[in-house]
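See structure below.
Just so you know, all these numbers are worked out from the coordinates, no wet-lab data involved. Keep in mind that what you see is a predicted model, and the values were worked out from it rather than measured. A quick note on method: Cβ atoms are made from the backbone with ideal geometry, for glycine too, and the neighbour counts reach across all protein chains shown.
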Amino acid sequence: MQRTFRVTIGGREEVVTRTQLPLTPAYAFTDYRSQGQTIDNAIIDIGTPPSGELTPFSIYVALSRGHGRDNIRLLWDFDEKLLTSHPNEYLRLEDRRLVELDEATEKWWRTCVNAN
C-alpha cells in the first residue's frame, strides 16, 4: 500500500511517498487446540500437514469451530477424497459387524416373540 503526502521542512515543501505492507494481527493453532472453542472468524488450512496425515476427524474439528459458514474461509483447495472416503478401514469393518449383529439380534427377537 502506498501513501503520498507533503511535508514542509525548513520552509521547503517535499513530497514523501511511503510504502507499507498492511498487517492484521492474528495467530494460529492446531485443530486439537481449538477443541471446545467457538471462533468468530477462522481461516482454515485443510492442506496436508507436515506429519503427512490428515483425517476427516481433524477436518471436522477445524470446520466446526466457527459460528457458521459465513465466518469460515479455507486457505487452500483440498483433496475431496478426504471427505468422501471412510476414515479408517477397521472402523468400517466394525460398523459392518455391528449392523450384522443388530440384524441377527432383531431376527432372533422376532422368532422369540412369534414363538410365544
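Run lengths n ≥ 4 of DSSP H only: what is the helix-derived mean residue ellipticity at 222 nm for the chain, with -39500 (n - 2.57) per run over all residues, to the nearest 500?
Value at 222 nm, helices only: -11000 deg cm²/dmol.
Once label points are set 7 Å from the Cα along Cα→Cβ at both D102 and E53, what is their separation, rounded to one decimal in nm?
A separation of 2.8 nm, rounded to one decimal place.
Treating the angle as unsigned and between 0 and 90°, give the value, to the nearest 10°, between the Cα long axis of helix 89-115 and the longest Cα principal axis of the chain.
40
Here are a few candidate values for Kirkwood radius over Cα pairs in Å: (i) 15.5; (ii) 16.7; (iii) 20.1. Which one was actually calculated from the structure I just gave you?
For Kirkwood radius over Cα pairs in Å, the calculated option is (iii).
Say the dipole of the chain comes from +1 at the beta carbon of Lys and Arg and -1 at that of Asp and Glu; which of Q35, V7, S58 then lies farthest toward its positive end?
About the Cα centre, the residue reaching furthest to the positive side is V7.
I'd like to compare 86-97, 17-28: which one has the highest average count of other Cβ atoms within 10 Å, and what's the full order after that?
Final packing ranking: 86-97, 17-28.
Given H placed 1.01 Å from N in the peptide plane, which residues other than close sequence neighbours of D45 have an amide H under 5 Å from its amide H?
L75
Evaluate the distance, in nm, between pseudo-label points positioned 7 Å from the Cα of C112 and of T4 along their respective Cα→Cβ axes.
8.8
Taking the simple approach of a point 7 Å from Cα along Cα-to-Cβ for both V16 and N88, what is their distance in nm?
Roughly 6.1 nm, to one decimal.
Please compute the Cα-Cα pair-distance distribution of segment 24-85 with 10 Å bins starting at 0, giving whole percents from short to long.
Reading the bins upward from 0: 20, 58, 21, 1.
Please list, in chain and number order, the residues 5+ apart from F78 or on another chain whose amide H is under 5 Å from its amide H, with Hs placed from the backbone.
none
Only Cα pairs within less than 10 Å get springs; with that Gaussian network setup on the chain, which residue of T84, T105, T55 has the largest fluctuation?
T105
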